[in-house]
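Structure, as structure tokens:
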Amino acid sequence: MAVKSIKELVEKPTIKPERLDAFSIGDTVDVHVKIVEGEKERIQIFSGIVIGRKGSGINESFTVRRLVGNEGVERVWPLHSPSIDKLEVKKAGRVRRAKLYYLRERVGKATRVAEQQEEQAVKPRLAESVPPPQEKKHKEPKAEQKADESAKA
């Protein structure tokens, strides 16, 4: 067996396919994290903007940033970590960068990311409902119009 196929066999059961396309860069997400305190286990929610993803396969991780009392807090999680209970996308962001590290220097309203609009389905129109093209009337040049007006007067 090749090394690559052995690696795939080991990684396959631990990869959670529902998380691969669950969110993208710029989305505002709630990460439900399992926290163990002694014998008790509870879930803590970390809300913020996804500012980056890196890696591939089982090694893929993502970074979420939020502001707490005018102080930026970033956390990095492995995408397929068992400590993550679930990921909720609150708002889909529209960005044109793979990494949003420029948000680190910004505070307050400057950290907002534009919200992605849902694409509206365009209804196809029937050929009968489209009016036939009309012939365009050519306008006379202005110099000729002035000459005609002066001749009439």
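A92 satisfies every condition listed in (1) within 19 Å of D30 (Cα to Cα); (2) at pLDDT below 85; (3) hydrophobic (A, V, I, L, M, F, W, C) except (2). Here is the figure for segment 79-111: residues that are at positive phi and assigned to a strand (DSSP E or B) total 0.
In the list F46, F23, which residue meets the criterion of being aromatic (F, W, Y) and either under 23 Å from E105 (Cβ atoms) or modelled with pLDDT under 85 (or both)? Step through it out loud before you land on a result.
Details: F23 fails: either under 23 Å from E105 (Cβ atoms) or modelled with pLDDT under 85 (or both).
That would be F46, the only listed residue that is aromatic (F, W, Y) and either under 23 Å from E105 (Cβ atoms) or modelled with pLDDT under 85 (or both).
Do we find that S47 is surrounded by fewer than 14 Cβ atoms within 10 Å (Cβ to Cβ) and within 21 Å of P13 (Cβ to Cβ) in this structure? So S47 does not fit the description; no. As a summary of the residue check, T14 satisfies the conditions (1) part of a strand (DSSP E or B); (2) touching a helix residue (DSSP H, G or I) at 6+ places or on another chain (Cβ under 8 Å); (3) surrounded by fewer than 13 Cβ atoms within 10 Å (Cβ to Cβ) except for the one numbered (1).
Matching residues to (1) loosely packed, with under 14 Cβ neighbours inside 10 Å; (2) in contact (Cβ under 8 Å) with a residue 40 or more places away in the chain:
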site: E37; (1), (2): yes, no
site: K54; (1), (2): yes, no
site: G57; (1), (2): yes, yes
site: V64; (1), (2): no, no
site: Y101; (1), (2): yes, yes
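Here V76 does not fit the description of being out of contact with any Lys or Arg (no Cβ under 6 Å at 6 or more places or on another chain), modelled with pLDDT of 85 or more, loosely packed, with under 10 Cβ neighbours inside 10 Å and in a strand (DSSP E or B). V31 satisfies every condition listed in (1) farther than 27 Å from Q117 by Cα; (2) buried (at least 16 other Cβ atoms within 10 Å of the Cβ) except (1). The one condition from (1) part of a strand (DSSP E or B); (2) of a type outside the set (S, T, Y); (3) buried (at least 19 other Cβ atoms within 10 Å of the Cβ) that G26 does not meet is (1). Across segment 50-66, what is the number of residues that are among the hydroxyl-bearing types (S, T, Y) and more than 15 Å from I15 (Cβ to Cβ)? Going through segment 50-66 one residue at a time, the tally reaches 1.
Residues that are part of a strand (DSSP E or B) and of a type in the set (S, T, Y) within segment 46-61 comprise S47, S61, listed in sequence order.
The values are calculated or read from the model by the stated rules, or taken from the named source; none is laboratory data. Values in this document were obtained by computation on a predicted structure and should not be read as measured data. Don't worry about glycine lacking a Cβ; one is built from the backbone with ideal geometry, like all the others, and counts go over all protein chains shown.
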